[in-house]
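Have a look at the structure below before the remarks.
Every read-out reported here was derived from the displayed coordinates using simple, explicitly stated rules and does not represent laboratory data. Since this is a predicted model, take the numbers as computed values, not measurements. Here the Cβ positions follow ideal geometry from the backbone for every residue, glycine too, while neighbour counts run over all protein chains shown.
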Amino acid sequence: MNITVLNIAVILIILFLFGLGLYFILKRGRKRKKEREIRRFNELVQTFIESEEIPVSLKDDQLNYIFINLAMEDFYGINSEDIIGQGDFEILEEKMAIKERETDKKVLATKTFVTDEMLWKGKIFKTTKFPVDLLNGKFGVGAYIRSASEKNREKYLKTLMSISDGVMIVDPLGKIEMLNNTAEEMTGWPVREALGKHYSLVFVLEDEKQADLVPDHIAEAFRDNAMKEFDTHVLLVSRDGRKYHLEDSVAPISDEEGHIDGAIVIFRDVTEKKEKRAAIEYNSFHDALTGLYNRRFFEEELIRLNTERNLPLSVIIGDVDGLKLTNDIFGHDAGDELIKKVSEIFKKVCRADDIIARWGGDEFAILLPQTEKKDAQRLSDRIKDNFSKEKIKSIQGNVSLGVATKYEPEENIEVIIASAEDNMYMKKTINRGKKKEDTFNNILDKLYGELPAEAEHARRTSEICKKIARKMNLSEAEVNKVSKAAYLHDIGKVALDKEIARKNEYVIDDTYKEMKMHPVVGFRILNAFDHTVDLANIVLGHHERWDGSGYPQGLMGKEIPKLARIIAVGERFDDMTADTDYRPAISIDDALEEMKRNVGTHYDPDVVAALEKVIRDEQTYTTKITR
């Protein structure tokens, strides 16, 4: 911008201001107010006349600069060409720009003068802003800047000392003159002890990565007579050893002649913010449950490592067996434990620089640069061997693993990964039958091993249900099915706490809600295995009642599977006629009478009638033998 253009701009602004002055004069009703506005207007015109000394600027209605004088150029240290058309956010530090924007908006909203104070390059200045009627009929914001008086300087410093950031003022020799409350708290130094000490003794900094390499920004600010900002990795070490991540700056304070009169350090604790940012960054590349890398990171590393110098590049794809079953039987906490256990084994067996990722819910992937296939296979075998020694609840640890290796640069890595997956699924299919059978036996061994009374109850219930079914003239296939279902009717108790599983399931107490889940869990277990799937619905219904008051579905009458109605009678009869931990047995006749009293409410009348025939036949047979 040349001098002629500047002069024209100044003249235009003065004309705007004359118009503005007249506007204010005409709008005021009282003589005193008119005189005050005239004086203010005259002072404003004088400001522009003295523009070589006082920084002056004008912004449009969008708060972008459309004029600055030479003094404002010197003030900001920026040429007008770099300012015109820009807003404060493009030329100032963010906090200062936010403050400037707030006062500008206040001017536009109120159409009045607004004064404020600002700290710039260690000095305190007073800013005056005012509305300007632009040629386009809209209002802009004019402003001029003056040095603050000592009174205002003291007021500003008092305000500064009350802010929530830490504030420390040092003299030209680096000795502490003032600490605010926040600075006292963060440094661990009371102001009475810190005064007169060199800042290096109180304001102790270290680099979070290299503790012995911390720039002295306060010394640099004195040397360069310029504001300095702390690096984002600087830590403040408190007197008691606490550490704070810092953010902010140090600025030299100059007197009216420009001589350095000290420095002001403003700092804040950003430890929590930095930790949150680090957590976000960590979570973006890591699996929250296992701490392993996630699929996103794995795929990015695959691109980085898929180079000729990393060949042979091996991949292991793994799938944890039994996760769904573990979740269904023992809940998702147990499933999470299973996933974490296999993750620990991966980390223990693999090398530190191998990329181990949780690929999906129960799938894992391992990337092995510069690894032959035979070495990757040995690693795979070690993982399987280690995991096979683990057992979560009653679920035996097992993982199916597939291995593939890229040897030539032209080979497609996606094809290699697909080959490893195919290899894994083939092994999983081959082992599925045997492993599932082993898992079922482990579940049964856990239940009946920990609760031998349950095993005896299951055996007796199976026998009595077989007899009832025959008295009802059911086919031998149904007799065998009800016998098996009766033996497994309480298999769902494997998921219960051992003390709850020992309780009487007919007593309603604070654990009754949990006890009522065992038919559902039993259904899930039996439904998961091919050789028991046809028993699942029978076991699910063995606590339903004839009148619909049972659980878990509230079925009634013949909605309840027939074989489930038989087990309901058989297992209750056995429960009453056998000694248990919670009560002694009652006689067979008393138990039968109890069953008959609940016919039509709890039990199917036909099943109870068949039970009575069984009992009477056995009593008759026993009488004949004893004669």
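Here are the numbers:
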read-out	value
Whole-angstrom Cα spans of segment 162-275 along principal axes, big to small	44, 29, 25
D385 paired with K340, simple spin-label distance in nm, labels 7 Å along Cα-to-beta-carbon	2.7
Full-stretch length increase - A226, K347 - with 0.36 nm per residue and alpha-carbon distance subtracted	38.5 nm
Sites Y407 and D581, calculated FRET efficiency, Cβ-Cβ separation with R0 51 Å, nearest 0.05	0.20
Rounded, prolate or oblate (a/c below 1.5 giving rounded, otherwise prolate when a/b exceeds b/c) for segment 292-371 by Cα gyration tensor	prolate
Under Karplus coefficients 6.51, -1.76 and 1.60, residue-wise ³J(HN,Hα) of segment 363-379 in Hz, glycine/proline x	10, 10, 9, 10, 10, 10, x, 6, 9, 5, 4, 5, 6, 5, 5, 4, 4
Tail beyond 20 Å, pair distance distribution of segment 451-626 (Cα, percent)	51
Subset of K340/K493; K467/K493; K243/K274; K59/K138; K391/K516; K324/K391 violating a 18 Å alpha-carbon distance limit	K340/K493; K467/K493; K391/K516
Gained length - E117 relative to D82, 0.36 nm times residue gap less alpha-carbon distance	10.2 nm
Translational diffusion coefficient (Stokes-Einstein; Kirkwood radius from C-alpha pairs) of segment 192-231 at 25 °C, 0.890 mPa s, in µm²/s	211
Spin-label proximity, E414 to segment 277-304 - amide N less than 17 Å from point 7 Å beyond Cα toward beta carbon	296, 298-304
Simple spin-label estimate for K243 and I260 in nanometres, 7 Å along Cα-Cβ	3.0
GluC sites (Glu not before Pro) restricted to segment 383-461 and DSSP loop, no more than 11 other C-beta within 10 Å	E410
Check: segment 162-275 dipole with +1 on Lys, Arg Cβ and -1 on Asp, Glu Cβ, in debye	360
Inter-label distance for N473 and D589, nm, one decimal - labels placed 7 Å from Cα along Cα-to-Cβ	3.0
Of K209/K348; K484/K562; K498/K558, those spanning more than 23 Å from alpha-carbon to alpha-carbon	K209/K348; K498/K558
Cleavage-rule hits (chymotrypsin sites (Phe, Trp or Tyr not before Pro)) in segment 541-627: DSSP loop, at most 16 neighbouring Cβ within 10 angstrom	Y582
Partners for K428 among aspartates and glutamates (Cα-Cα distance below 18 Å; same-chain residues under 8 apart left out)	D319, D321, D362, E363, D381, D385, E437, D438, D530
Neighbour net charge for A376 - beta-carbon separation under 14 angstrom, K R +1, D E -1	+3
Segment R101-E193, length gained on full extension (0.36 nm per residue, minus Cα span)	29.1 nm
